[in-house]
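Q: Please find one structure pasted underneath; my questions will follow.
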Amino acid sequence: GIGLYFWMSNSTPTAENINPNQYNPDNFTILLEAGDYQKAADMYLQTTNNNAERAFELRDRMSDFLQEAVDGYWDGSMEYDAAENRFTTVSLIVDNSLGMVSWAQFAGQRQEFEDADASKVAYDSGCDLMDSGNYAAAIAEFSMVASEDCNYEDAQEQLNSAKTEYQDQMVSTAQGYIDSGDYISASAAIEEALTVLPESSQLLTLQTTCQAGYISSVLAQADAAFVNPATDWEAAIDVLLPAMQQYPDD
């Protein structure tokens, strides 16, 4: 009987055999990990009343429990559902604590978890958009992957690839318009691309080339209106006005 008693005393406790009426921070953590929010709430209610030190200890255990979920989700060692279950467990303890525990203490960790989830969603979306060839949207998604995310390095590599692919795509499109003499469409394509890649030297150079080519083309058409078949001021104005609207500072 004595041997059995010591064996049971030294065995690892489980959620089923933990007595919530006995204060034990380690047992409280076991209840958290088991998702037994009712016993955990009972231990908090029954063993921390009028004892601030105990209350702080158990709240710290809950905080550590949630931070493990946040860190695990960031580094990829914990899936979303497992991490979310931890927040559910703590929220249920708060709900059953008769106001002795406030969710406000854990609001920062909840926000960090949501930030991590937004980063994960952005990464997954960026990968899908890359596969479909939507490089502009992929750039936006990969740019939202946080540096704390385990996917960050890959996201940066794919971001650079998306930028290169998108730039090449838009330069080719704009150059095609320029070659056909459609400078307005070329300019619109370049401006669209610059909203995504505002510092692209290749796009900025092409924009300058497009502007110069368009103005030269318009001036040539205006000059032609003066001599063919005779001096036609109205025809020249009709050619110049759209160009002046496009580049009013020229």
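The values are calculated or read from the model by the stated rules, or taken from the named source; none is laboratory data. Computed from a predicted model, the values in this text were never measured in an experiment. Backbone-built Cβ (ideal geometry, glycine too); neighbour counts: all protein chains shown. For the accessible areas, the whole protein counts, side chains as well, though only heavy atoms, and no ligand, DNA or RNA atoms are used. Shrake-Rupley method; radii C 1.70, N 1.55, O 1.52, S 1.80 Å.
Q: Condition test on Gln211, is it touching an Asp or Glu at 6+ places or on another chain (Cβ under 9 Å), open to solvent by 40 Å² or more (accessible area, probe 1.4 Å) and not aromatic (Phe, Trp, Tyr)? Before the answer, list the steps.
A: Working: touching an Asp or Glu at 6+ places or on another chain (Cβ under 9 Å): yes; open to solvent by 40 Å² or more (accessible area, probe 1.4 Å): yes; not aromatic (Phe, Trp, Tyr): yes.
It is true that Gln211 is touching an Asp or Glu at 6+ places or on another chain (Cβ under 9 Å), open to solvent by 40 Å² or more (accessible area, probe 1.4 Å) and not aromatic (Phe, Trp, Tyr).
Q: Check whether at least one residue in segment 55-71 is among the basic types (Lys, Arg), in contact with a helix residue (DSSP H, G or I) (Cβ under 7 Å, 6 or more places away or on another chain) and either within 19 Å of Ala146 (Cα to Cα) or in contact (Cβ under 8 Å) with a residue 40 or more places away in the chain (or both), and report yes or no.
A: First pass over segment 55-71, keeping only residues among the basic types (Lys, Arg): 59, 61.
Going one step further and asking which of them are in contact with a helix residue (DSSP H, G or I) (Cβ under 7 Å, 6 or more places away or on another chain), we end up with 59, 61.
If we keep only those that are either within 19 Å of Ala146 (Cα to Cα) or in contact (Cβ under 8 Å) with a residue 40 or more places away in the chain (or both) as well, we get 59.
Yes: segment 55-71 contains one or more residues that are among the basic types (Lys, Arg), in contact with a helix residue (DSSP H, G or I) (Cβ under 7 Å, 6 or more places away or on another chain) and either within 19 Å of Ala146 (Cα to Cα) or in contact (Cβ under 8 Å) with a residue 40 or more places away in the chain (or both).
Q: When residues of segment 130-159 are filtered for being within 14 Å of the chain's Cα centre (by Cα), hydroxyl-bearing (Ser, Thr, Tyr) and open to solvent by less than 70 Å² (accessible area, probe 1.4 Å), how many remain?
A: Total meeting the criteria: 0.
Q: Do any helices (runs of 4 or more DSSP H) lying entirely in segment 1-101 carry at least 2 residues that are buried (at least 20 other Cβ atoms within 10 Å of the Cβ), and which ones are they? So that I can check it myself, show each step before the final result.
A: Numbers: elements: 2-10, 25-34, 37-47, 52-75, 80-95.
Qualifying helices (runs of 4 or more DSSP H): 25-34, 37-47, 52-75, 80-95.
Q: While we're here: Kindly establish whether Cys127 is within 27 Å of the chain's Cα centre (by Cα), outside any helix (DSSP H, G or I) and surrounded by 14 or more Cβ atoms within 10 Å (Cβ to Cβ). Steps first, please.
A: Values: within 27 Å of the chain's Cα centre (by Cα): yes; outside any helix (DSSP H, G or I): no; surrounded by 14 or more Cβ atoms within 10 Å (Cβ to Cβ): yes.
It is false that Cys127 is within 27 Å of the chain's Cα centre (by Cα), outside any helix (DSSP H, G or I) and surrounded by 14 or more Cβ atoms within 10 Å (Cβ to Cβ).
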